[in-house]
Amino acid sequence: MNVLDNLNRVRRQIAATALRAGRDPAQVKLVAVTKTVPVEIIREMLTLGLDSLGENRAQELLSKYKELPPGVEWHFIGRLQTNKVKKIIDKVSLIHSLDRWSLALEISRAACEKGLTARVLVQVNASGEKTKSGLHLQEVEEFVTEASRLPGLEICGLMTIAPWTENPEDVRPVFRQVRDLSLRLQHNLKARMDCLSMGMSGDYEVALEEGANVLRIGTAIFGRRV
Ligand SMILES: *Cc1c(COP(=O)(O)O)cnc(C)c1O
């Protein structure tokens with residue numbers, strides 16, 4: 001397995017899919033999900049122009065942050081414990097996984113303490129799967145309305161994880177619902193909120209066709225995690 005070939009294949013696929021969908025490939029951000037990937041491999045990838053990395057555990061992000069050169073754009077994509085917020089908040093460019101009020105309060109508090117504005121996405125559990133975190137579709141508007149009043153926090157859009165499926169066509173309606181919700185919020189709340197983080201290795205083409213502009217891709221680049 002050659003990680004460079006994989007990366008090039010994914011990039012080509014993203015560009016082709018974006019063009020087919022009438023979208024500008026330059027407006028699509030690839031976040032390489034590096035959880036469990038050793039820093040030696042990541043370091044090599046950084047020399048090939050990868051610049052945005054996603055991690056789902058605070059501890060792992062912090063240790064990689066220390067070992068890798070500055071200039072990496074870090075994305076936090078996993079369930080975030082409130083006691084980890086202050087450790088990562090000045091290191092990440094975007095938190096994809098705001099999924100509860102207590103976390104919004106803690107992000108706001110920690111951001112104000114450090115004198116910065118935390119950029120966050122609200123995680124939506126569109127399919128209602130019990131094992132997934134995130135707000136249900138009907139809860140999102142009220143949550144965003146309330147959370148956008150908190151200081152130190154900027155809600156930049158929505159994130160979702162589709163259910164696992166053999167056939168990515170099955171989850172097209174999930175992506176479409178989240179995209180529609182995102183457009184509705186932008187209209188109703190007069191908010192920018194134009195970041196839409198959806199699509200992983202198995203379903204990123206469908207997500208892209210349905211409006212995603214941030215893709216979180218691990219396995220298709222780095223191979224299966226051990
Ligand atoms: C692991 C992970 C990904 C990447 O999944 P792949 O199937 O390996 O591409 C994307 N998003 C989140 C939240 C993840 O935890």
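The values are calculated or read from the model by the stated rules, or taken from the named source; none is laboratory data. Bear in mind the structure is a predicted one, so any value in this text is a computation, not a measurement. Ideal geometry is used to build each Cβ from the backbone, glycine not excepted, and the neighbour counts take in all protein chains shown.
Observations on the structure shown:
- Selection from the range 162-183 of residues that are within 15 Å of the ligand (Cβ to nearest atom), closer than 16 Å to residue 128 by Cβ and surrounded by fewer than 18 Cβ atoms within 10 Å (Cβ to Cβ): 163, 164, 165
- Residues located in the range 184-202, provided they are more than 16 Å from the ligand (Cβ to nearest atom) and in contact (Cβ under 8 Å) with a residue 24 or more places away in the chain: 184, 185, 188, 189, 191, 192, 193, 194
- Any hit, the range 119-131, residues being among the hydrophobic types (A, V, I, L, M, F, W, C) and under 14 Å from residue 149 (Cα atoms): yes
- Residue in the range 208-223 that is at pLDDT 95 or above, away from the ligand (no atom under 16 Å from the Cβ), outside any loop (DSSP other than H, G, I, E, B) and within 22 Å of residue 17 (Cβ to Cβ) present: yes
- Residue within the range 109-128 that is over 20 Å from residue 213 (Cα atoms) and free of Cβ contacts under 8 Å to residues at least 12 places away in the same chain present: yes
- Within the option set 62, 80, 94, 4, being among the hydrophobic types (A, V, I, L, M, F, W, C) and modelled with pLDDT under 95 holds for one residue only, 4.
- When residue 193 is tested against (1) among the aliphatic types (A, V, I, L, M); (2) crowded, with 22+ Cβ neighbours inside 10 Å; (3) in contact with a Cys (Cβ under 9 Å, 6 or more places away or on another chain), just one condition goes unmet, and that condition is (2).
- The helices (runs of 4 or more DSSP H) located wholly in the range 23-136 that include 3 or more residues which are of a type in the set (A, V, I, L, M) and over 24 Å from residue 219 (Cα atoms) occupy 101-114.
- Taking the listed residues 47, 17, 34, the one that is surrounded by 19 or more Cβ atoms within 10 Å (Cβ to Cβ), among the hydroxyl-bearing types (Ser, Thr, Tyr) and out of contact with any strand residue (DSSP E or B) (no Cβ under 7 Å at 6 or more places or on another chain) is 17, with no other qualifying.
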